[in-house]
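J.: Before I ask anything, here is the structure I am working with.
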Amino acid sequence: MSSAYDEITDVLVIGSGFAGLAAAIEAGEAGASVIVLEKMHAPGGNSIISDGGIAAAGTEMQEKLGIKDSPELMYRDMLKAGLSLNYPELVRVVTEKSNEILQWSIDYLGVEYMDRIDIFGGHSVARCYTPVGVSGAAIIKRQLLKLDTLGIKVRTQSYFKSFIRNPGGKVDGALVRSNYNQKDIKSGIDRRIRAEKGVVLATGGFGSDIPFRVAQDPRLTENIDTTNKPFTTAEALKEALRINAMPVHLSQIQLGPWGTPDEKGYGAGARFSDYIVFPYGMVIAPGTCNRIVNELADRKTISDALLNVGHPCIGIVDSKAVEQSGWNIGSCLEKGIVRQFNDFQEIASFYKLSLNNLKPAIDKYNSSVNNKIDDEFQKPILPDAFPVSSPPYYGIRTWPKVHHTMGGVQINVKGQVIDLDQHPIEGLYAAGEVAGGIHGACRLGSCAVTDCLVFGRIAGRNAAA
């Protein structure tokens, strides 16, 4: 072993979320020795607290249900939501491999999905699959089990400090702080790890890094909560920028419009709004009681509409919507995030609304549902949608939270990181939220997991080659 390094491996993966674990699995399957680093006490990163939903086009279940979809339609939906800021060649890879990656997660990893397909805002058709348990942990656990069979362990409390490059500029490895404790940044011991074949950067986004995100979008101060874990920060991204990686779309930061100010973080309320209110109900501004947006628009459109109102708005559905959605809302009610009401008068009283404004607004929305046409906002009325008229009724306060950072380092279709002169940085690959360009101005729901798994596998395979 070279005296300059404490340890040598073929492939070094930094990060243990969806993308990092997919890269490690693929590199291991290719016969490479692999080390996976995770700065926290447990693997999974921010991925483990997501709902784990994966978007896939042209699937067997869609065909059985008569849903006409294709990678081309998914491609067009992603570009439309991304305001065509997306890098088309990267989007093509994600959409064309979306069905393959869904099947890989089922057949190879053993992930079980619920017997349903959902449609989220910005998608033309239902193409979103949710794992049993409605948690990214369902995928992470299966990935970790697969790594065990390959003899690959995740090294927790391993903080990535910087890249190590040879005189020719190739990324040779990394300086890592072992036995790191986030509560004591001076803790641990520095070690130099050489990666003879390649390094995969899969450290996620920077949604919890308030100074870094405010530098990109001054609106996103500490007054805006985030769905991310507190450790979702930008230090690894900044190290990539220090070695001349090209930054892409750093100011494109997605807010989750389904957040509620009545709980911290991701929470239970997000799913109530995303799976029930937005598809089957209405979102109104408290002052006027008027709807403010197409509730099935993409996340940017809905978040911008909420920010334009300037304070939390009210999402309203009825018992029929809850029944049609198929979701259990018990935990939301127990936590007081979602409120139950017997009639519209109770809704108006609790949220301090004008009943004279509320009833006409609900009547207008119900007319759209009955006619299957929303003349006001062009919301697609789902075939199983009913008017908001079956008590009990349910309400939730909704307000955006920082959810996903679309920007990161530039990559190509091989997962190679691109430098400021548009050349690949030899030895360095990236996948997942740390890589920019795939989602443009707005990521569609469930497309992140698809992206992470697709490009994680690509980066791992190429790093090991």
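The values are calculated or read from the model by the stated rules, or taken from the named source; none is laboratory data. Fair warning: this is a prediction, and the values are worked out from it, not measured in the lab. When we count neighbours, we look across all protein chains shown, and the Cβ atoms used for this are built from the backbone with ideal geometry, even at glycine. Only protein heavy atoms, including side chains, enter the accessible area calculation; ligands, DNA and RNA are left aside. Shrake-Rupley method; radii C 1.70, N 1.55, O 1.52, S 1.80 Å.
J.: Would you kindly derive the ³J(HN,Hα) couplings of region 447-452 from the backbone phi angles with the Karplus curve 6.51 cos²θ - 1.76 cosθ + 1.60 (θ = phi - 60°), listing them in order in whole Hz, with x for Gly and Pro?
T.: Using θ = phi - 60°, the values come out as 7, 5, 5, 4, 4, 4 Hz.
J.: List every residue whose amide H lies under 5 Å from the amide H of GLN254, counting only residues 5 or more places away in sequence or on a different chain, with H placed 1.01 Å from N in the peptide plane.
T.: Here the answer is HIS403, HIS404, THR405, MET406, since their amide H atoms fall under 5 Å of that of GLN254.
J.: Right, something else. Any chance you could check the Cα centroid distance between region 74-90 and region 142-200 for me, in angstrom?
T.: Between the Cα centres of region 74-90 and region 142-200 lies a distance of 33 Å.
J.: At a 1.4 Å probe, what is the % contribution of carbon and sulfur to the accessible area of region 212-288?
T.: 53 percent
J.: Compute the relative contact order of the chain as a whole-number percentage, counting only Cα pairs closer than 8 Å that sit 6 or more residues apart in sequence. Don't skip to the end; give the middle numbers.
T.: Values: 1116 pairs, mean separation 114.7, N = 465.
Worked out over the chain, it gives 25 percent.
J.: Now a separate question. Percent of Cα-Cα pairs per 10 Å bin, from 0 to the last occupied bin, for region 103-223, please list those.
T.: Over region 103-223, the share of Cα pairs per 10 Å bin runs 10, 22, 30, 28, 10, 0 percent.
J.: What would the Debye formula give as log10 I(q)/I(0) at q = 0.11, 0.21 Å⁻¹ for the alpha-carbon point model of region 255-413, no solvent?
T.: -0.41, -1.50
J.: What percent does the relative contact order of region 97-182 come to when contacts are Cα pairs within less than 8 Å and at least six residues apart?
T.: Across region 97-182, relative contact order equals 18 percent.
J.: With the crude spin-label approximation of a point 7 Å out along Cα→Cβ, what separation in nm comes out for ILE106 versus SER70?
T.: Calculated label separation equals 2.2 nm.
J.: Report, please, the projected area of region 140-291 averaged over directions, based on the convex hull of its C-alpha atoms, in nm².
T.: Computing the convex hull of the Cα atoms and averaging its projections yields 13.3 nm².
J.: Give me the percent of the accessible area of region 1-156 that comes from carbon and sulfur atoms, probe 1.4 Å, all protein chains in place.
T.: The computed percentage sits at 51.
J.: Using θ = phi - 60° and the Karplus relation 6.51 cos²θ - 1.76 cosθ + 1.60, list the HN-Hα couplings for region 325-336 in order, rounded to whole Hz, with x at every Gly or Pro.
T.: 5, x, 9, 8, 9, x, 5, 5, 5, 4, 7, x
J.: Between region 324-375 and region 205-260, how many Å separate their Cα centres?
T.: With region 324-375 and region 205-260 each reduced to a Cα centre, they are spaced 34 Å.
J.: Under 1.5 on a/c is rounded, so check that first for region 213-336, then, if it is not, pick prolate when a/b is larger than b/c and oblate when it is not; a ≥ b ≥ c are the square roots of the alpha carbon gyration tensor eigenvalues.
T.: In terms of gyration-tensor shape, prolate.
J.: Then there's this: Run lengths n ≥ 4 of DSSP H only: what is the helix-derived mean residue ellipticity at 222 nm for the chain, with -39500 (n - 2.57) per run over all residues, to the nearest 500?
T.: -9000 deg cm²/dmol
J.: What area, in nm² and to one decimal, does the C-alpha convex hull of the chain cast on average over all directions?
T.: Average projection, Cα convex hull of the chain: 21.4 nm².
J.: Fully extended, how many nm does the chain gain between ILE373 and ASN328 (0.36 nm per residue separation, minus their Cα-Cα distance)? Provide the component values of the computation, followed by the final result.
T.: Details: separation 45, 0.36 × 45 = 16.20 nm, distance 2.85 nm.
Here the segment from ILE373 to ASN328 would lengthen by 13.3 nm.
J.: Output the antiparallel fraction of DSSP beta bridges having both residues in the chain, as a percent to the nearest 5.
T.: 70 percent
J.: What is the angle, in °, between the Cα long axis of helix 18-29 and the longest principal axis of the Cα atoms in the chain? Nearest 10 is fine, range 0 to 90.
T.: 40 degrees
J.: To make sure I understand the rule: partners must be lysines, Cα under 17 Å from the Cα of LYS141, and not fewer than 8 residues away in the same chain. Which ones qualify?
T.: Partners within reach: LYS153.
J.: Calculate, for the chain, the solvent-accessible area per residue in square angstrom, rolling a 1.4 angstrom probe over the heavy atoms of the protein chains.
T.: Counting only protein heavy atoms, the per-residue value for the chain is 39 Å².
J.: For labels at ASP115 and LEU145 in the simple 7 Å Cα→Cβ model, what's the distance in nm?
T.: In this crude label model, ASP115 to LEU145 measures out at 2.1 nm.
J.: To test your reading of the geometry: what angle, between 0 and 90 degrees and rounded to tens, separates the Cα axis of helix 355-371 from the longest principal axis of the chain?
T.: Approximately 80 degrees, to the nearest ten.
J.: So how tilted is helix 299-309 from the main axis of the chain? Cα-based, degrees 0 to 90, rounded to 10.
T.: 60 degrees
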